[in-house]
Amino acid sequence: MAIPLRRCFRPESPCQHSMKKRPFILDCDTGTDDAIAIVAALGCEEMELVGITCVNGNVPEEDVARNNRNLLAYLGRNIPVCRGAWLPFSANRRTGAGAGVHGSTGLGTVELPEAKSCPFEERIAAQFIYEEAKKRNGELELLVTGPMTNIAIAIIEHPDFCDYIRHLYFMGGAAAGGNVNNTEEFNIWVDPEAVHIVLSSPIPCTMVGLDVTNLAIMTREDEERIRSLNTKEAVFVADLIRYMSSREKILLARMHDPLALASALFPECLETKTCFVDTECRGTYTRGHTAADLRNRRNREPNTEVAVNVNVELFKDWLIEKIACAGRKGGQG
Ligand code: RIB
Ligand code: CA
């Protein structure tokens with residue numbers, strides 16, 4: 001069922017908002033689309049970006065960490081970047097398994113200056129997320145756009161961790177389909193055991209899977225619309241979209257991770273269904289599959305909001321507005 005198109009998407013007023021900000025930590029495997037989600041997050045006035053935590057995924061964790069640190073330094077943002085898990089729980093997965101899609105650096109052919117004077121946060125990801133969550137006494141929300149290894153470590157290491165997480169939004173899985181093969185999506189495929197630990201926890205989750213993210217494709221026109229904003233943030237994003245669109249024909253500029261950001265901050269562009277979801281951790285041909293019981297046939301307690309439809313134009317207008325806002329705020333910390 002298509003979401004009724006709202007009459008128009010009115011870009012918010014130019015980024016002067018006085019509102020209670022929602023604290024978020026973004027756990028990512030940057031990656032081209034992760035980087036675009038980070039830029040858009042920097043333009044979300046309603047978000048307090050507490051920190052960015054790094055995980056092995058698209059490229060090895062050390063390259064993810066370098067990308068995140070270089071990006072924030074390039075954009076003049078003073079936001080903590082934490083090192084994280086370099087291997088999944090199930091160590092039978094190669095590290096940096098997504099380089100074929102995101103290029104050897106993780107940012108395709110787009111280059112960033114090497115950040116010299118920005119040390120990584122001393123605490124590693126799981127400890128940082130736990131301590132910041134406790135500090136915010138249950139208000140912290142998580143946006144996870146890579147494998148869930150860091151989150152699972154935090155759950156295992158801290159029995160009260162889940163008490164302090166308000167909500168977890170994640171890009172991953174699919175009710176139907178896959179991109180590693182026809183049943184497995186990459187973020188889940190890298191570490192299905194970690195996802196099982198998270199989905200078995202009491203943390204409220206929203207799953208933004210390929211069912212909707214495969215539809216969120218940026219066109220050449222979108223790229224030019226962004227490039228014409230002519231800010232560091234916008235040109236960086238436009239260059240990434242140009243790279244993503246120039247790869248082999250099946251690899252389009254899909255906004256997987258930015259749509260997960262939208263599920264948290266602009267849910268109006270998505271239609272969701274509450275149901276039971278778990279990952280297949282065994283299975284010769286289906287390990288890493290997300291079994292989303294959309295018709296609630298398994299009589300299992302629903303544990304996840306699953307995105308089942310997207311208003312693509314509404315989402316893209318919102319995303320471009322956030323990139324514009326990030327540019328207007330550029331370097332304000
Ligand atoms: O399958 C798409 C997901 O895997 C995205 O998050 C992309 O960045 C990779 O992590
Ligand atoms: Ca990602």
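Where a number appears in this text, it was derived from the coordinates with a stated rule and is not lab data. Just so you know, these numbers come straight off a predicted model, no measurement behind them. As a convention, Cβ positions derive from the backbone with ideal geometry for all residues, glycine included, and neighbour counts pool all protein chains shown.
Based on DSSP H assignment, which helices of the chain show an axial Cα extent of at least 20 Å together with a mean Kyte-Doolittle hydropathy greater than or equal to -1.0? Each step should come with its number before you reach the end.
Details: long enough: 232-246 (21 Å, 0.45); 312-329 (25 Å, 0.09).
Passing helices, by number: 232-246, 312-329.
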Residue farthest toward the positive end of the dipole of the range 18-142, with Cβ of Lys/Arg at +1 and Asp/Glu at -1: which of Gly57, Phe24, Ala41?
-> Phe24
Rank Glu157, Glu45, Glu221 by mean-square fluctuation in a GNM of the chain with C-alpha springs under 10 angstrom and give only the top-ranked residue.
-> Glu221
Lysine pairs in the chain with Cα atoms under 21 Å, if 8 or more residues apart or on separate chains | 13
With charges set only on the Cβ (+1 for Lys and Arg, -1 for Asp and Glu), what does the dipole of the chain come to about its Cα centre, in debye to the nearest 20?
-> 420 debye
Return the calculated 222 nm mean residue ellipticity for the chain, to the nearest 500 deg cm²/dmol, obtained by summing -39500 (n - 2.57) across DSSP H runs with n ≥ 4 and dividing by the residue count.
-> -10000 deg cm²/dmol
Report, in debye and to the nearest 20, how large the dipole of the range 234-333 comes out about its Cα centre when Lys and Arg carry +1 and Asp and Glu carry -1 on their Cβ.
-> 260 debye
Would you mind telling me which residue in Gly283, Gly172, Gly103 has the biggest mean-square fluctuation in a Gaussian network model of the chain, where springs connect alpha carbons within a distance under 10 angstrom?
-> Gly283
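Is the shape of the chain best called rounded, prolate or oblate, per the rule: a/c under 1.5 gives rounded, else a/b larger than b/c gives prolate, else oblate, with a ≥ b ≥ c the square roots of the Cα gyration tensor eigenvalues? All intermediate terms of the calculation are to be shown ahead of the outcome.
Values: a/c = 1.28, a/b = 1.17, b/c = 1.10.
Rounded.
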Using a Gaussian network for the chain with springs between C-alpha atoms less than 10 Å apart, which of these wobbles most: Cys162, Cys118, Cys205?
-> Cys118
